[in-house]
Amino acid sequence: MDDAIDEFQRSGVQLRFQSLLVVALLALPLILAGSSIGQESGESTKKMSLKDAAGDRFKMGVGVSEQVLADPQCAELIENQFQILTPENCMKPQGIHPAEETWNFEAPDRFVAFAKDHGLEVVGHCLVWAKDDRTDDWMMQLDNGQAVSRDVLLRRIENHVATVVSRYQESATMWDVVNEALADGEEGYLRDSVYTRTTGIDFIETAFRTARKHDPDALLIYNDYNCHFPDKRKKLIRLLSELKDRGVPVDAYGMQGHFELGDDSLTQLVETFQALRDLGIKVVVSELDIDVVKRGRWWADDGKYRDELKTYDPYKDGLPDEIRQQQIKQYEALFRLFDEYQDTIARVSFWNLHDGQSWLNYFPWNRTNYPLLFDRQFQPKPAYDAVINVLRETETDHASSGE
Ligand code: 9MR
């Protein structure tokens, strides 16, 4: 009996072993094919970088902090994927020019030297940030604490812009000359700030004219967020038209492009690109990302959800596939649109290099976010492959239609 069981078990084991062998043999071609697909996509992501996939349609860029450049893995990724770099913080007025006679050139000098050494261009960011909380007191006050006069403010702006632009004009091919001067939503025209209270739009004119004087060939950009929404778009078009009427050298609108998952903005983007094209103004997508732990609720209903949101971190253990797929679709749609408006779009830059470095992990509250094309291990995400595929497909479509 024991022998019979033994025999039965042995034959069972044998049978299982044989079946496994058959399954393994049958699956071998699939396994090999799978690994070669894996290899191929690994190789193709190595071979086909974002900048190569975009080709001569628009430049591909990224905004990173100066510290990121010191990490060799980051440096390699940047060099392989992008052709133009924006300093995330170190060239901002409060970083580079903390007092009238004090300049912090070390960090921006290192940033620009990195770009030069790696054959990359630079976007100077930003010369004037038109918000009081982004402006140091020395700029908006006199020594006696009184509000600055129009003439003094314009002279200070001129001095700041002239100094920064002439120092970096060799590496900077684009400048965010003025950042975020327009009021949000339905509120008035210009954002209330020392700049607009004291000079109206004249500070914008001074900043652009001074930038042009010291860097005649650079693309000069007015940078802002949410201007594809109809209310703010009207103000953008009004501002750019007024500047053009005055002969102010503004070349492009910097559409920051801080999107949220599922925001249905394609139609509004089309309308915006169209309006800018009609006005003869280029577009740069200056700070692209897609927030998956959406931040809009932070400001809703006078901030009443903030206490609840402060501990809201739904994806700290990973991103559900459903959300990942939604983000992929959104990135695909955006890049299809960018391709369609390639005659208008001069650059597409992401804001930060990989998910772990994104500002959206901290703003407006701490949470684990996944807004970019590279993951925390510096690896290209499926969204990266999707963007590369869209860029390749659309390129082929143009080639076959003779465009
Ligand atoms: O990503 C930047 C963050 O590290 C800074 O703390 C913050 C304030 O200087 O600015 C962030 O970058 C902003 C950019 O300069 C202008 N557009 C909005 C960006 C996100 O806030």
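Where a number appears in this text, it was derived from the coordinates with a stated rule and is not lab data. No experiment lies behind these values; they were computed from the predicted model shown. In this analysis, Cβ positions are derived from the backbone assuming ideal geometry, glycine residues included, and neighbour counts consider all displayed protein chains.
General remarks:
- Taking only alpha carbon atoms, region 282-403 gives an Rg to Rh ratio of 1.04, where Rh is the Kirkwood radius.
- Cα gyration tensor shape for region 79-166, rounded if a/c is under 1.5, else prolate or oblate: prolate
- Rh by Kirkwood over Cα pairs, then Stokes-Einstein D for the chain at 0.692 mPa s and 37 °C, µm²/s: 140 µm²/s
- Choice from Glu205, Glu121, Glu308 with maximal GNM fluctuation in the chain (Cα, 10 Å cutoff): Glu308
- Region 340-385, Rg to Rh (Cα coordinates; Rh as Kirkwood inverse mean 1/r): 1.09
- Per residue, the convex hull volume that the Cα atoms of region 287-337 enclose (Å³): 110 Å³
- Angle between the chain longest axis and helix 150-168 axis [Cα atoms, degrees, rounded to 10]: 50 degrees
- Residues Ile388, Ile204 in ascending order of nearby Cβ atoms (within 10 Å, fewest first): Ile388, Ile204.
- Taking 0.36 nm per residue of separation and subtracting the Cα-Cα distance, full extension of the segment from Ala399 to Asp192 would add 69.7 nm.
- Full-extension gain in nm, Phe229 to Leu261, via 0.36 nm per residue minus C-alpha separation: 9.9 nm
- The dipole here belongs to the chain: it is taken about the Cα centre, uses +1 on the Cβ of Lys and Arg and -1 on the Cβ of Asp and Glu, and is about 700 debye.
- Entries of Lys51/Lys244; Lys51/Lys282; Lys131/Lys213; Lys294/Lys329 with Cα pairs more than 21 Å apart: Lys51/Lys244; Lys131/Lys213
- Sorted by Cβ neighbour density within 10 Å, fewest at the top, the residues Met48, Met139: Met48, Met139
- Placing pseudo-labels 7 Å out from each Cα toward the beta carbon at Arg150 and Asp56 gives an inter-label distance of 4.7 nm.
- Ordering Lys304, Lys244 from the fewest to the most neighbouring beta carbons within 10 Å gives Lys304, Lys244.
- At R0 = 41 Å, FRET efficiency that the Cβ-Cβ distance of Leu142 and Arg246 yields, to 0.05: 0.90
- Within a Gaussian network of the chain (alpha carbon springs, distance under 10 Å), most fluctuating of Asp355, Asp263, Asp176: Asp263
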